[in-house]
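The values are calculated or read from the model by the stated rules, or taken from the named source; none is laboratory data. Note that the structure is a prediction, hence the values are computed from the model and not measured. A quick note on method: Cβ atoms are made from the backbone with ideal geometry, for glycine too, and the neighbour counts reach across all protein chains shown. Ligands, DNA and RNA are stripped out before the accessible areas are found, and what is left, the full protein with its side chains, is counted by its heavy atoms. Shrake-Rupley method; radii C 1.70, N 1.55, O 1.52, S 1.80 Å.
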Amino acid sequence: MSAPVKTADAPASAPQEQKLWLIFTGLMLGMLVAALDQTIVSTALPTIVGDLGGLDHLSWVVTAYLLASTVSTPLWGKLGDLVGRKRLFQASIVIFLIGSALCGIAQNMPELIAFRGIQGLGGGGLMVLSQAIIGDVVPPRERGRYTGLFGAVFGVTSVAGPLLGGFFVDNLSWRWVFYINLPIGAIALVVVAFALHTHEVRKRPTIDYWGIVLLAGATTCLVLLSTFGGSMYPWVSAEIFGLGAAAVVLLGAFIMVERKAAEPVLPLHLFRQPIFSTTSAIGFVVGFAMMGALSFLPLFMQVVNGTSATESGLRLLPMMLGLLVTSIGSGQLITRWGHYKIFPIVGTAVMAVGMFLLSRMDEYTTTAASSLYMLVFGLGLGLVMQVIVLAVQNSVDYKDLGVATSGATFFRSIGGSFGVAIFGSVFNSRLTDNLADATGLQLPPGVDPETVGSSPDALKALPPATHQGFVHAYANALQDVFLIASVVVILAFLLSLMLKEIPLRRTTEGTDALDPYRPTARTSVEEVERAMTQLVHRENGWTRYERMIDRAGVDVSVPCAFGLVQLDRFGPVLDTELARKIHEPLDSVRKYAAELIAAGQARTDVQGRLELTPDGGAVVERLVDARRELLGDVIADLSPEQNAELTELLQRLARLTTDTPHDHLVGEAAKRETARRGP
């Protein structure tokens, strides 16, 4: 029986496309719960304190999650490169769900803070690995439409988080803020388990333990410095200086260790790569401005406009709408055009305009005007967030895909931490100055400006004249914050102009697939054969066979396609000998051998050896032709700018082939093929 073949008119990529969307759904659900937990807790904090007590430790409920997720980000990325990402993604889901369940049953504030740390550890893996896995299964040229939706998730959670938190507190219990993660995470776990197939490394990895410890220590110092600076401790204090000094020492030691590490947790050579260094700087600056300024928007709505917490969240919808439109739209355009540089340039410019418009808001600004300003800012933000991740993934070697993705996320998180702290200090300083300069404005004895600014009830209790003066001073202080943030975004715009653009690859292989090339005694055909062999082993094996099957238009499973190719290579061969040669379990070999025999694509000879039938050989030829076409796509994608070694090799081959008769090259290739297959 011959292998069923798809008709020429059938959409060959439809099954693969459906499977990709199924995988993407699982990844996006994982990212959704991780991003949601950064914002959903905020509206539940007062109720949590009322139930568990521990007001003095309230900020640690947020800080513990932020600290754990930021510190673990580079570790998850590097481990994914070393041991494979599927199992790590599943592990991060399980860790996150365990942390969520424990948070829901916490009986006191120290327990909740500790369990939030567990949650953050899993959340860091979800954020990084979901984006890196897309890099495993989708080529950069097609990746834009998927990563654009990842950016949309951040926009949705920034608004939906506080709204859901308020809903659960008002209608159920604050514990449901954490319980809601359990069903969503469970669905993600099941989908990923059945739909995703990635390369899993079986050898024992080399772990950079000292690098992990030093980077974690330095990151912890930086996050705590940004969290405590200007709030718990003055910026000019022994505690803050101590944290800063510790961070510098630990970073210095980290750099020294990474130079000698066999598998550095954050390879220093990435910082010599122009696109990685530029996008890291852009991510830091955008995170600094975005998180620093946007954390004050709900306060502006509540204090200056007098809205409730829920209504202030709803007023952020225009910003979310703008982010959704441009994040998804830019992803589609990148896939269609194959270019990405223009988007962060336009995006940061629009963000700067939007931030400047926000700096013009005061107590007299209408809802329509403020909605327009937030829409403009959201439109710009959506053009930047995920595009820089795509640019990084397209520029680095496949072996560095995870750590490069985690680097982009890491620097954005660190930037956000410093932005919140520094802009918070700027705001408090300007508010104090404005209150001091206000003529006739006198707060009642014992009333703290910070308390009034964070408590709508305390603000309403002020006398009318004092209330109006305080609101005016508050609005002016926020204007200064947004204005400074717009200047910071201009820096991101200038950095975007420096971003180098290279063609988006149509394959998932890394840019190192054809290097390094060194002068050797090989013939030109041997040189190309060696390069192609290296290239084959760079790509995710399961994905490679899926793409071969799809391009060939044959109806066989991935294991059976693999079996056909191995029988073509080694047959006739006993199943025990084949299992030994390809390092596969004997049961697996016998399983797909039985399927191939049943399909009429393989048979056993009189000696009990497996061999291909003519139908099986025909399927193999179609798979080989498909693989050759896919390798041709790779060669077309590897531009001279990306691979100087490739350019040098092609120039040498071009010189050789101008002096070598075509028949000689064909004859040499034929001889090698005959030697491989046998007489």
Practice item. Could you rank ASP433, ASP575, ASP136 by how accessible they are, 1.4 Å probe, largest area first? Key: ASP433, ASP575, ASP136
Revision key, fill the gap. Heavy-atom accessible area with a 1.4 angstrom probe orders ILE98, ILE212, ILE240, most exposed first, as ILE98, ILE212, ILE240
Check your understanding: Under a 1.4 angstrom probe, counting protein chains only, how are PHE115, PHE24 ranked by accessible area, largest first?
Key -> PHE115, PHE24
Revision key, fill the gap. Probe 1.4 Å, all chains present, heavy atoms only: VAL236 accessible area in Å², nearest 10, is 120 Å²
**Study point:** Estimated inter-spin distance, GLN107 and VAL487, nm [label 7 Å along Cα→Cβ]
**Key:** 5.3 nm
Point to revise | the range 284-291 - phi-based ³J(HN,Hα) in whole Hz, Karplus 6.51/-1.76/1.60, Gly and Pro as x | key: 4, 5, 5, x, 4, 6, 5, 5
Review point. Roughly speaking, what is the stretch gain from LEU372 to ALA114, that is 0.36 nm per residue apart minus the C-alpha to C-alpha distance, in nm to one decimal?
Key: 88.8 nm
Review point. Just how far, in whole angstrom, is the range 23-42 from the range 544-623 if you go by their alpha carbon centroids?
Key: 41 Å
Exercise for review: Apply the Karplus parameterisation 6.51 cos²θ - 1.76 cosθ + 1.60, with θ equal to phi minus 60°, to every residue of the range 322-331 and state each ³J(HN,Hα) to the nearest whole Hz, in sequence, with x for glycine and proline.
Suggested key: x, 5, 4, 4, 7, 5, 5, x, 5, x
Practice item. Would you please give the FRET efficiency between ILE597 and LEU574, computed as 1/(1 + (r/R0)^6) with r the Cβ-Cβ distance and R0 = 22 Å, to the nearest 0.05? Key: 0.95
Review point. Between GLU621 and THR432, what length comes free when the chain is fully extended (0.36 nm per residue of separation minus the Cα-Cα distance, one decimal in nm)?
Key: 60.3 nm
**Study point:** Packing-based ranking, highest mean first, of 324-330, 367-373, 265-271 given that Cβ atoms within 10 Å are counted
**Key:** 324-330, 265-271, 367-373
Practice item. In nm, give the distance between the simple-model label positions of GLN18 and LYS581, each being 7 Å from the Cα along the Cα-to-Cβ direction. Key: 3.6 nm
**Study point:** Gain in span if fully extended, VAL606 to PHE241, counting 0.36 nm per residue against the direct Cα distance
**Key:** 123.3 nm
Point to revise | Cα→Cβ-extended label distance, 7 Å offset, between TYR233 and ASP51, nm | key: 3.3 nm
Review point. Which ³J(HN,Hα) values, rounded to whole Hz and listed in residue order, are derived for the range 174-184 from phi using the Karplus coefficients 6.51, -1.76 and 1.60 in 6.51 cos²θ - 1.76 cosθ + 1.60 with θ = phi - 60°, glycine and proline given as x?
Key: 4, 5, 6, 4, 9, 5, 4, 5, 5, x, 5
Check your understanding: To the nearest 0.05, what FRET efficiency results for TYR209 and ASP362 with a Förster distance of 45 Å applied to their C-beta separation?
Key -> 0.25
Practice item. Of the listed pairs LYS19/LYS399; LYS78/LYS591; LYS399/LYS581; LYS19/LYS260, which have alpha-carbon separations greater than 32 Å here? Key: LYS78/LYS591; LYS19/LYS260
**Study point:** Peptides ranked, highest mean first, by Cβ atoms within 10 Å: ranges 583-591, 79-87
**Key:** 79-87, 583-591
**Study point:** Over the range 547-637, relative contact order from alpha-carbon pairs under 8 Å, at least 6 apart, %
**Key:** 35 percent
Practice item. Report the accessible area of MET290, computed with a 1.4 Å probe over the heavy atoms of all protein chains in place, in Å² rounded to the nearest 10. Key: 20 Å²
